[in-house]
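**Q** Dropping the structure in here first, questions after.
No lab work stands behind these numbers, since they all come straight from the coordinates. Since the structure is predicted, the reported quantities are computational estimates derived from the model, not experimental observations. Counting neighbours? That spans all protein chains shown, and the Cβs are built from the backbone with ideal geometry, glycine included.
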Amino acid sequence: MKSFTRTIGSFWNSSIGKKILVALTGIALLLFLPAHLAGNLLVFAGPDALNEYGVWLHELGHGTAIWFARLGLLSAFIIHLILTVQLTAANRAARTDYAYPSTVQASRSSRSMMWSGLTILAFIIYHLLHFTLRVGNDYDGESYQTTLPGHQEKVHNVYKMMIDGFSWTPASIFYLIAVTLLCSHLSHGFASVFQTLGVRSSKTSALSGKLGWAYAIIIWLGFVSIPIAIWIFGYGS
Amino acid sequence: MNLTLKVWRQENRKASGRMETYHAKDIPQEASFLEMLDIVNERIISDGGDPIHFDHDCREGICGMCSLTINGIPHGPKRATTTCQLHMRHFQDGETIWIEPFHAKAFPVLKDLIVDRTAFDRVIEAGGFISVRAGSAVDANAIPIPKQDADLAFEAAACIGCGACVAACKNASAMLFVSAKASHLNHLPQGEPEKTRRVLSMVARMDSEGFGNCTNQYECVAVCPKSIPADNIAKLNRDYALATMKEALL
């Protein structure tokens, strides 16, 4: 038992151990994004589809599923954040600057992971306050309750909340900036998962790089389509 | 050709360094980069100055002793080439060339362009070896090794331990060096018995020497004079995860 805890301890403290945990928590977040996007895109299927989805999500597993997902995501996010901040601090401490700095092939995305990551963090805090905790708005009020076919009681009007939320210009602009930086973050993160978990080789490196960009661009297109449709083209108003 | 050199000068390990300017006149195009510095040094010495100190040994591109970060790129602009094999014909007449040491916290500057790379030796001491009876030579092919494994081991063994990977890395990570040295042995049956211990102790030593962490940007691969591939880093990551599980659970 002592040897077990010592080995796990040195894994947690090692550079490779930390990176593997960053990759594993990254996978959890990579899997969450398409699921979140698929749900959000129901806004284009009309109010009832999106509101029905909202009800389904909150009632799944008698209301427990959403909490498992929230706690799981929150833990993954916090571990991902703490370890990357630790690793970045160690990286800065290990480096001595050159008078004539140069970059041969490191991508811009890979060099700005900390900045894109911290912007995403700020956005997620804002996003949760905006739509999940609904602070500083009236999204929990009577005007955001609606009827839904097949339901006796009134349900939360997710559709109206989304339309009103993105009709406010600053929210949409911040959203677009954050999702664009997320795309940059994912392009490097996706390919890095394979290398860090040791399943990349010369045979697959080009493929994992392309898949990373394809994934990032699909996620970007999906997420930006919503504020663009609502804020610029007035969808739903 | 006439060149302007901006060179890092540093008195000793504790002193702070600075860039100084030198005018290198009438340098033959066929001179190697180190020969160019030899010419500049002869002139400095004849003028009674302190020559520019730099590391070198075989000057054949195989010993790993020469270093120099030239215009921000370790071993200079030519791919898969050590500084000693880089020739002045790859530069333009009248060019300004920036010459700095292999900078990293784990490679402290000893004097001018010479850095202390013994951190690499300590990583090798931690596990970059196999324990065998050192008597008469074993018969060739006594142990059958698949061609593919032998090739991969040989590719990793081509690492000359120069430290360019650390100098180029945005995080001063030694992962390319350590992974090449570990893969070289881990690919072979002779390296198998000590594989778990090797991987764990080499990585622990690498971390304690103050190298940074790999962020998969592959600057190391781009500057490596022996073109060691990043596949070795993936293998070390994999071997480290497996070694941890083996150590913790079995």
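**Q** Just rank B:160, A:16, fewest to most, by other beta-carbon atoms within 10 angstrom.
**A** Least to most surrounded, the residues fall as B:160, A:16.
**Q** Charges at C-beta only: +1 for Lys and Arg, -1 for Asp and Glu. How large is the resulting dipole of chain B about its Cα centre, in Debye rounded to 20?
**A** In total the dipole reaches around 700 debye.
**Q** Which Cα, out of B:248, B:216, B:179, lies furthest along the positive dipole direction of segment B:118-249 (beta carbon charges, K/R +1, D/E -1)?
**A** B:248
**Q** What net charge do the residues around residue A:137 carry, taking every other residue with its C-beta under 15 Å from that of residue A:137, with Lys and Arg at +1 and Asp and Glu at -1?
**A** Working: positive: A:134, A:160; negative: A:138, A:140, A:142, A:164.
Spelling it out: positives minus negatives among the neighbours equals -2.
**Q** Across peptide A:85-95, what mean number of C-beta atoms from other chains lies inside 10 Å of a residue's C-beta?
**A** Counting other chains' Cβ atoms within 10 Å and averaging over A:85-95 gives 6.
**Q** Which listed residue (B:189, B:104, A:117) has the Cα farthest towards the positive end of the charge dipole for the protein assembly as shown, taking +1 on Lys and Arg C-beta and -1 on Asp and Glu C-beta about the Cα centre?
**A** My answer, from the dipole projection, is B:189.
**Q** Can I ask one more? Could you sort out which of A:2/B:246; B:78/B:181; B:105/B:170; A:18/B:195; A:18/A:210; B:147/B:226 sit more than 18 Å apart by Cα distance in this structure?
**A** Too far apart for the 18 Å limit: B:78/B:181; A:18/B:195; A:18/A:210; B:147/B:226.
**Q** Take peptide B:225-236, look around each residue's Cβ out to 10 angstrom, count Cβ atoms belonging to other protein chains, and average those counts. Let's see the in-between values first.
**A** Details: counts 0, 0, 0, 0, 3, 5, 8, 0, 5, 11, 3, 2.
Mean number of neighbouring Cβ atoms from other chains: 3.
**Q** Moving to a separate point now. Can you run phi through the Karplus equation (6.51, -1.76, 1.60; θ = phi - 60°) for segment A:137-148 and list ³J(HN,Hα) in whole Hz, with x for Gly and Pro?
**A** 8, 9, 5, 8, x, 4, 5, 9, 10, 8, 8, 9
**Q** Roughly how far apart, in whole Å, are the Cα centres of segment A:97-124 and segment B:1-55?
**A** Segment A:97-124 and segment B:1-55 have Cα centres spaced 34 Å from each other.
**Q** Calculate the dipole size of chain A relative to its Cα centre from +1 charges on Lys and Arg beta carbons and -1 charges on Asp and Glu beta carbons; express the result in debye to the nearest 20. All intermediate terms of the calculation are to be shown ahead of the outcome.
**A** Values: 15 positive and 9 negative charges, 303 e Å.
That gives chain A a dipole magnitude of about 1460 debye.
**Q** Further, regarding this structure: Taking the Cα centre of the protein assembly as shown as origin, work out the dipole magnitude from +1 charges on Lys and Arg Cβ and -1 charges on Asp and Glu Cβ, in debye rounded to 20.
**A** So the dipole magnitude of the protein assembly as shown works out to roughly 700 debye.
**Q** Would you list B:133, B:198 from fewest to most Cβ contacts within 10 Å? Each step should come with its number before you reach the end.
**A** Working: B:133 6, B:198 23.
Least to most surrounded, the residues fall as B:133, B:198.
**Q** Which ordering of A:144, A:159 is given by a fewest-first count of other beta-carbon atoms within 10 Å?
**A** By the 10 Å Cβ count, ascending, the order reads A:144, A:159.
**Q** While we're on this one: Rounded to the nearest 500, what is chain A's calculated 222 nm mean residue ellipticity when only DSSP H runs of at least 4 contribute -39500 (n - 2.57) each, over all residues?
**A** -23000 deg cm²/dmol
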